[in-house]
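First comes the structure, then the notes that go with it.
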Amino acid sequence: MKDNRSYYDDFAGWYERERHHGYHAMLDRLQVGIARPLAAGKDVLELGCGTGLILKEIEPYARRAVGLDISRGMLGQAHARGLSVLAGSATDLPFKDESFDLVYSFKVLAHVQAIEQAMREVARVLRPGGRAALEFYNKASLRYLIKRFKRPHKVSDGTTDDQVYTRYDSLAEVKRYLPADLSVVDLHGVRVFTPFAQVHRVPGVAQALSAAERIARDQALTARFGGFLVVIVEKR
Ligand SMILES: C[S@@+](CC[C@H](N)C(=O)[O-])C[C@H]1O[C@@H](n2cnc3c(N)ncnc32)[C@H](O)[C@@H]1O
């Protein structure tokens with residue numbers, strides 16, 4: 001098992017190889033679609049911004065948008081995009097209390113062991129009435145079922161995806177991690193129906209699945225079964 005910083009430093013050069021089309025591009029579109037309406041005109045923080053793929057889509061809409069990430073390898077590319085980013089951990093945020101109206105995080109919290117500490121930090125840096133969009137890997141999902149039977153996936157020459165700490169949580173568990181001043185106000189589910197990333201390489205299937213995923217993301221009935229569960233919380 002590698003620590004997150006060295007795992008993502010190794011992965012950084014490869015990260016965007018498959019991110020601009022197909023399955024991964026769909027995930028990013030669905031996630032941007034959640035964060036963008038919340039970010040309009042606000043002071044925004046992205047936890048685990050990586051190379052800035054999502055931050056670059058949010059920044060033009062925000063009053064101020066800042067990205068934080070533990071990996072300098074990943075941040076190098078975000079910096080090259082002209083984004084405002086800094087190094088640090090989600091469990092020890094280098095910001096004053098009540099600095100942001102919105103905190104969001106996609107594909108990151110699943111790699112954070114001290115999750116309650118990260119939730120306390122989110123609460124601390126949010127202003128009263130501020131919101132956070134926090135994505136978890138969902139135990140109640142097709143993705144989780146399938147992942148349990150899959151072989152490790154190569155993410156760079158010397159690294160496979162089983163070398164980083166990864167957690168899966170249920171909605172009930174996520175609610176238990178939240179400090180008392182954060183309450184859940186909405187839910188979204190990303191990747192409800194997609195069984196394997198590879199199906200998005202099939203023309204026709206890709207379009208139909210993307211359209212279905214777009215609808216399922218925001219419906220209460222389907223959102224809770226998303227492979228990626230996005231919990232919208234509000235600070236008292
Ligand atoms: C799968 S990437 C996602 C990057 C970006 N959110 C996106 O959607 O493209 C996960 C990112 O989380 C970062 N990360 C992992 N643990 C972290 C922590 N404790 N604090 C901040 N960033 C962390 C990694 O360095 C990596 O850039």
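Things worth noting here:
- Under 5 Å between amide hydrogens, built in the peptide plane, is the criterion, and for ASP169 it picks out TYR137, ASN138, LYS139 among residues at least 5 positions away or on other chains.
- Computed over the chain: relative contact order in percent, which uses C-alpha pairs under 8 Å that are six or more apart: 22
- Each DSSP beta bridge with both residues in the chain is either parallel or antiparallel, and the antiparallel ones are about 50%.
- The range 72-150: C-alpha gyration tensor shape, a/c 1.5 cut-off, then a/b vs b/c: oblate
- Rounded to the nearest 500, the helix-only mean residue ellipticity at 222 nm of the chain stands at -9500 deg cm²/dmol, with each DSSP H run of n ≥ 4 adding -39,500 (n - 2.57).
- When the Cα gyration tensor is reduced to axis lengths a ≥ b ≥ c, the ratio a/c is 1.5 or higher for the range 103-236, and with a/b not above b/c it is classed as oblate.
- Of all accessible heavy-atom area on the range 93-165, the percent that carbon and sulfur account for (1.4 Å): 49
- Sorting 180-193, 81-94 by average packing, meaning the other beta carbons within 10 Å per residue, from highest down gives 180-193, 81-94.
- Placing a label point 7 Å from the Cα of ASP181 along the Cα-to-Cβ direction, the residues of the range 86-104 whose backbone N falls under 12 Å of that point are 97-100.
- Heavy-atom surface of the range 142-194, accessible at 1.4 Å and reported per residue (Å²): 56
- Extension gain, ILE232 to ARG201, is 8.1 nm, computed as 0.36 nm per intervening residue step minus the present C-alpha separation.
- Straight-line cross-link reach from LYS235 at under 21 Å between alpha-carbon atoms covers these lysines, not counting any fewer than eight positions away in the same chain: LYS42, LYS96, LYS175.
- The range 55-158: chymotrypsin sites (Phe, Trp or Tyr not before Pro) falling in loop per DSSP and having at most 12 other Cβ within 10 Å: PHE149
- Applying 1/(1 + (r/R0)^6) with r as the Cβ-Cβ distance of TRP14 and ARG64 and R0 = 22 angstrom yields a FRET efficiency of 0.10.
- Tensor-based shape of the range 4-235 (alpha-carbon gyration tensor, a/c under 1.5 rounded, otherwise prolate or oblate): rounded
- Amide H contacts under 5 Å for GLY67: GLU46, SER84, VAL85, LEU86, restricted to partners 5 or more places along the chain or on a different chain, H placed in the peptide plane at 1.01 Å from N.
- Between the range 102-175 and the range 1-47, the alpha-carbon center distance in angstrom: 12
- Unit charges on C-beta of K, R, D, E only; dipole of the range 1-101, Debye: 280
- Relative contact order computed over the range 47-185 (Cα-Cα under 8 Å; 6+ residues apart), in percent: 20
The values are calculated or read from the model by the stated rules, or taken from the named source; none is laboratory data. Source: prediction; values computed, not measured. With ideal geometry, Cβ positions are generated from the backbone for all residues, glycine too; neighbour counts draw on all protein chains shown. Ligands, DNA and RNA are excluded from the accessible area calculation, which covers all protein heavy atoms including side chains. Shrake-Rupley method; radii C 1.70, N 1.55, O 1.52, S 1.80 Å.
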